[in-house]
Amino acid sequence: MNALEIKNLTKSYPGFTLDNLNLTLPSGCIMGLIGENGAGKSTTIKLILDMIHKDSGSIIILGKDNTDSIELTKEDIGVVMDEVGIPECLTVKQVGNVMKNTFRNWDDAEYARLAQKLALPDKKQFKEFSRGMKMKLGIAIALSHKAKLLILDEATSGLDPVVRDEVVEMFSDFTRDENHSILISSHIVSDLEKLCDYVAFLHKGKLLLCEEKDQLLAEYGLIHCTAEEIQNLPAEAIKYKKENPYGIEAMVLRSAVPANFNVSPISIEELFVFMVKEAR
Amino acid sequence: MKGLLLKDWYMMKKYCRAYLLIAVVFIAVSLFSNDNMFFVFYPCLLCGMIPINLLGYDERSRWMQYSGTLPYTKTQIVSGKYLIGLLSQITILVATGVAQAAKMLIAHNFELGDFAVLMLLMLIVSTLTSSICLPFVFKLGVEKGRTAYYVMIGFVCGASVLASSILRGQLVSEIQPNLILALVAVAGIGIYILSWYLSIVFFKKREIQ
């Protein structure tokens, strides 16, 4: 079963359209949603959760249409948004009490364990938390009610590199169960590169690609050469090139590059930047 | 739903202590003032503002957005605010009612009819603010909702003054006081139910950004 199936999803605002989006996240996998500011990542996530109304298309979460009693489906979804909207006066314990009376499958022991692991202060009110601590509390809540799908919108932003690494590890552990899946959007593409099985590139409301990460990295590469050397490359091999004072850097399709060229590996971040520039 | 009420209870304990203090002082003062009903009605009016203030804090902390990720329907989110409002209104009503009954008994002028009228008026006063304000707040957000509320109150007051100047001495003399009271009670309850329904309709249509 797929954890998430989005078909022909469209949503228009003045000056922005999320245009005919198609995405499929298989169960047991992690998909990274990559895009610049305003690309439509948060809009997509809000549409999935039915927080905003779609113009057209369909969204199936864990086998159920998202307009069909989504409050029941949300029992199985852990969400961390870019801002965790916990009331400012609540403490970690009070938040636990509220969530215990919110989720049917709330696990008090797991929440306490995560709060301790993430070093969340017992007595402080939420308004006294740093941004990093707020995100950690959001993550602890999302992981404490036996969710099957995690939806994370910039959930690692504001965390220091050590904690970020720990959190990425926690997400990775979460998907060891083949029924668990994650949809994660982040500006920190290195986190997504570590974590994801699939990546989806969004640019100005349009999906540039959605593929398996390993396949993408095997498919594309980087070539550094001179202006003369690049003339020997077939046109179909070059997806995008940029000139600099030291020569030419080109994103290429490995299968179309002659054997005498040295093709270096490309990172997901480089791939995204090249693709956005190509789309422009 | 229990989670929503518990969250509001924690917030009331933190942010609405001043309301409790003011209510206690005003109820105490009302025991010693003879005809000034301001001290009786003000705590009721004040507690009617509690749901709106809680919504203000919700908006500031972005709880509205966060609650959209939790397993609650929009009907439950709206109803939670009406229920927490009713809880505080009934609490103040009972406290004020007990104080006024004691005052009447001590002064040997307790009459069930007068007491019932007083309680009914207090109920209407305490629910009227949230009845009128909450649909605007759920449709437009707290800031715009409050502004719309003040405009609406202006219209209602203006219309009341106009109506009373036109109808004075005509209809009122022909209507029995009990009938007026019954009409006021039915209208108050009707407005509250209509307000609850409209808030749900408006909030369902609203997109939480």
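Points worth noting:
- Averaged over the residues of A:91-100, the number of partner chain Cβ atoms lying within 10 Å of the residue Cβ comes to 3.
- Eligible aspartates and glutamates near A:K54 by straight Cα distance, threshold 18 Å, same-chain separation 8 or greater: A:E5, A:D19, A:D65, A:D68, A:E71, B:E207
- Take B:191-202, A:251-262, A:157-168 and order them by the average number of nearby Cβ atoms within 10 Å per residue, most first; the result is B:191-202, A:157-168, A:251-262.
- The value of relative contact order for region A:216-279, using C-alpha pairs under 8 Å at least six residues apart, is 41 percent.
- Peptide B:52-63 has a mean shielding of 3, counted as Cβ atoms of other protein chains within 10 Å of each residue's Cβ.
- Net charge contributed by nearby residues that have their C-beta within less than 14 Å of B:V78 (K/R +1, D/E -1): +3
- The mean sequence distance of close C-alpha pairs (under 8 Å, at least 6 residues apart), as a share of the length of chain B, puts its relative contact order at 27 percent.
- Cross-link partners of B:K103 among aspartates and glutamates (Cα-Cα below 16 Å; sequence separation of 8 or more within a chain): B:D35, B:E111, B:D114
- With 10 Å bins beginning at zero, the pair-distance distribution over Cα atoms of region A:140-272 amounts to 10, 34, 27, 18, 9, 1 %.
- Each 5 Å bin from zero holds the following percent of Cα-Cα pairs in region A:2-204: 1, 7, 16, 20, 21, 17, 11, 6, 1, 0.
- Among the residues of A:141-148, the average count of other protein chain beta-carbon atoms within 10 Å of the residue beta-carbon is 1.
- For the Cα trace of region B:2-205, dividing Rg by the Kirkwood Rh returns an Rg/Rh value of 1.00.
- If you take the Cα centroid of region B:64-130 and the Cα centroid of region A:97-130, the two points sit 33 Å apart.
- Acute angle (nearest 10 degrees) that the helix B:2-15 long axis makes with the longest principal axis of chain B, alpha-carbon atoms: 70 degrees
- Residues with amide H under 5 Å from that of A:A3, placed H, sequence gap 5 or more: A:L25, A:S27
- For the pair B:A18 and B:L45 in one chain, pulling the backbone fully straight at 0.36 nm per residue adds 8.3 nm over the alpha carbon distance.
- Choice from A:I223, A:I248, A:I266 showing the highest fluctuation, given a GNM over chain A with Cα pairs closer than 10 Å: A:I248
- Here, P(r) means the percent of Cα pairs in each 10 Å bin from 0 to the largest distance; for the protein assembly as shown it is 4, 16, 22, 20, 14, 11, 7, 4, 2, 1, 0.
- Most mobile listed residue (A:G63, A:G247, A:G28) in chain A, GNM with C-alpha springs under 10 Å: A:G247
- Listed residue pairs exceeding 28 Å between alpha carbons, taken from A:K46/B:K7; A:K136/A:K194; A:K134/A:K277; A:K11/A:K148; A:K46/A:K146: A:K134/A:K277
- Pairwise FRET efficiency - B:N53 versus B:T147, Cβ, R0 = 22 Å, nearest 0.05: 0.90
- Per-residue [θ]222 nm for chain A (sum of -39500 (n - 2.57) over DSSP H runs n ≥ 4, rounded to 500): -8500 deg cm²/dmol
Read-outs throughout are calculated quantities, based only on the coordinates presented, and are distinct from any laboratory measurement. Not measured: the values here are computed from a predicted model. Counting neighbours? That spans all protein chains shown, and the Cβs are built from the backbone with ideal geometry, glycine included.
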